[in-house]
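One structure below.
The values are calculated or read from the model by the stated rules, or taken from the named source; none is laboratory data. The model shown is predicted, which means the values in this text are computed figures rather than measured ones. No Cβ is skipped: glycine too gets one built from the backbone with ideal geometry, and neighbour counts run over all protein chains shown. For the accessible areas, the whole protein counts, side chains as well, though only heavy atoms, and no ligand, DNA or RNA atoms are used. Shrake-Rupley method; radii C 1.70, N 1.55, O 1.52, S 1.80 Å.
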Amino acid sequence: MEWSDEAIILSVKAHGETAAVVELFTRSHGRHSGLVHGGRSRKARPMLQMGNHVDATWKARLAEHLGHATLELRRAYAASAMEDAAALAGLTSMCALARLLPERDPHPALYEVTLFVLSFLDDPTVWPALMVRWELALLQELGFGLDLSACAATGANDQLIYVSPKSGRAVSASAGEPYKDRLLRLPQFLTSVRDRHATREDVMAGFALTGYFLQQRVLAPKGDVLPEPRSRILTHIDRS
């Protein structure tokens, strides 16, 4: 069995003395692992970095086998991210969270969003808000998408400033007023008001929103927690 696809490297683990097992997020074949011969060599190490965009060819006798992968670099996102601690935390967090996707289950829409976010990691004024949107897209792909289009109580789509932690649906200012202490804040850059600039406070509120649902709906049932690099993103944003 053999296929070729483009991919983003999610993780790299040493295997034996010279090889490495890479975990890839591919466009058409989902999250997929493969053994790279010579993956620990000086020549291969710069390419086999988390977040890099590569062309991959995977071969195995049977589909359920680990298989062997050969990779060619398209773009080294990891190298540019390493120049900025916040961007590196963002890249690492995104790769860690992408590993929540079911193995070998294609998610082409999320793959495109992932590449889009990676392309903006050199712009600190843009990528944090994009990463909040990426986490919303991840929740959607995992089956826990939020409905931010209209108020859960009234059906109206104006003055949406809260999200219900129970239903994951937006709540308007008037309907949520009596329960505001129990609701999550909905920053306006995540609503239909697309022209609103995302302030630092908006981005922090966005990460709090997506983090709540990732933790409670996805990670907690598995006895897991949000990846540590994600906390570093918030620390860097708070200091900026």
> What ranking do 91-97, 125-131, 213-219 get when scored by the average of other Cβ atoms within 10 Å per residue, highest first?
Replying inline: 91-97, 125-131, 213-219
> Which whole-Hz ³J(HN,Hα) couplings does the stretch 6-12 yield from phi under the Karplus relation 6.51 cos²θ - 1.76 cosθ + 1.60, θ = phi - 60°, glycine and proline marked x?
Replying inline: 8, 7, 10, 6, 9, 7, 9
> Between rounded, prolate and oblate, where does the stretch 53-107 land on the alpha carbon gyration tensor, with a ≥ b ≥ c its root eigenvalues, rounded for a/c under 1.5, else prolate if a/b exceeds b/c?
Replying inline: oblate
>> Students often get this wrong, so try it: which of [x] 19.5, 63; [y] 16.7, 50; [z] 20.2, 65 is Rg and Dmax of the Cα atoms in Å as calculated from the structure shown?
In response: [x]
> What ranking of 17, 72 comes out by heavy-atom accessible area, probe 1.4 Å, highest first?
Replying inline: 17, 72
> In the Gaussian network model of the chain, springs joining C-alpha atoms below 10 Å, which of 87, 173, 69 carries the largest mean-square fluctuation?
Replying inline: 173
> So how compact is the stretch 143-205: Cα radius of gyration and Dmax in angstrom?
Replying inline: 11.1, 30
> Starting at 0 and stepping by 5 Å, how many percent of the alpha carbon pairs of the stretch 1-124 end up in each bin?
Replying inline: 2, 12, 23, 25, 20, 12, 4, 1, 0
> Under 26 Å Cα-Cα from residue 222, which lysines qualify once same-chain neighbours fewer than 8 residues away are excluded?
Replying inline: 13, 166
> For the stretch 173-222, with every protein chain kept in place, what is the accessible area per residue (1.4 Å probe, Å²)?
Replying inline: 56
> Per residue, how much space in cubic angstrom lies within the convex hull of the C-alpha atoms of the stretch 4-61?
Replying inline: 75
>> Run the reach check for residue 59 against aspartates and glutamates, Cα to Cα strictly under 14 Å, same-chain hits fewer than 8 apart removed. What comes back?
In response: 2, 5
>> Distance between the C-alpha centers of the stretch 1-70 and the stretch 157-211? Whole Å please.
In response: 39
> What is the list of residues in the stretch 62-81 whose amide nitrogen lies under 11 Å from a point 7 angstrom out from the Cα of residue 1, following Cα to Cβ?
Replying inline: 62-67
> Leaving out ligands, DNA and RNA, what percent of the accessible area of the stretch 105-174 is carbon and sulfur, probe 1.4 Å?
Replying inline: 56
